[in-house]
Amino acid sequence: MKRWRFLTVAAVVGVAALAGPAIAVRADSGPDHTVESAPHRPVGIVLGARVQPSGPSPYLQARIDLGIELYRSGKVDRLIMSGDDSAEALHEPTTMKLYAIDRGVPAQDITVDPAGLDTYDTCVRARDEYGATAVTMITQSYHLPRAVATCRWVGLDVIGVGDESVRGPHPRSWWYGVARELLANWKMLIDVASGRPPAEG
């Protein structure tokens, strides 16, 4: 009996430890927008994801396509493509920029952030390196609350537009991403609280 009581208490504590940051992030991330409902922001930030040898992965392609749609709709004036521009990462943001240029976005309206190694780095660098003050975050919808909250907590005026198109075709990786957010929220809270310097690039 004592063992089961201990396991029950441990499970409750574990769930609370994971759920607490997620609840705080969701509460402070504001409403999720669609392309149609999104108010104008000068800058749209497309968060990087895996690049394959053939080009953007389905998740990354969906993010870029959403950024392009926001740009074409006049909801953002320019795009920041943020990710890891190292050779090991197959030059994420450069690949993103070239993909958008091939689909009609003028090169002068695209900024490559080569050191957006995580969401915190992206938000701080958008503020400090690129002078952004009001932004639209563009990523998958399960990642959106953390992305928006991170940028808000480092001082940006931010809204989010999330992609759902890959959820049906890629359910396993989608739910992996949902689960990963529970731990990523803790890391983000530590980053914001410590004010650690972002990656340089």
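Think of the chain as a dipole: +1 on every Lys or Arg Cβ, -1 on every Asp or Glu Cβ, centred on the Cα centre; then among P169, S73, G83, P169 lies furthest on the positive end. Stretching A87 away from H170 to a fully extended chain increases their span by 27.2 nm, per 0.36 nm per residue minus the current alpha-carbon distance. Put a dot 7 Å past the Cα of E36, heading toward its Cβ, do the same for D109, and the two dots end up 2.2 nm apart. Charge dipole (Cα centre; +1 on Lys/Arg Cβ, -1 on Asp/Glu Cβ; no other charges) of the chain amounts to roughly 980 debye.
Packing, as the average of other Cβ atoms within 10 Å across residues, places the peptides 134-145, 184-195, 155-166 in the order 134-145, 155-166, 184-195, highest first. Under a 5 Å amide H cut-off, with hydrogens placed 1.01 Å from N, T139 pairs with V161, D163 among residues at least 5 apart or on other chains. Here the Kirkwood formula, the inverse mean of 1/r across different C-alpha pairs, assigns region 129-201 a hydrodynamic radius of 13.5 Å. Think of it as helices only: each DSSP H run of n ≥ 4 in the chain is worth -39500 (n - 2.57), and spread over all residues that comes to -16000 deg cm²/dmol at 222 nm. Taking θ as phi - 60° and the Karplus parameters 6.51, -1.76 and 1.60, the scalar couplings of region 41-50 work out to 9, x, 10, x, 10, 9, 7, x, 8, 4 Hz in sequence order, x denoting glycine and proline. Approximating the spin labels as points 7 Å out from Cα along Cα→Cβ, the R72-to-A134 distance works out to 2.5 nm.
Over the chain, the fraction of Cα-Cα pairs per 5 Å bin, rounded to whole percents and listed from the shortest bin up, is 1, 8, 16, 19, 21, 15, 9, 4, 3, 2, 1, 1, 0, 0.
Taken together, the values in this text are just the output of simple stated rules run on the coordinates, not laboratory data. Everything numeric here is computed off the predicted structure, so don't read it as measured data. Using ideal geometry, Cβ is built from the backbone for each residue, glycine included, and neighbour counts are taken over all protein chains shown.
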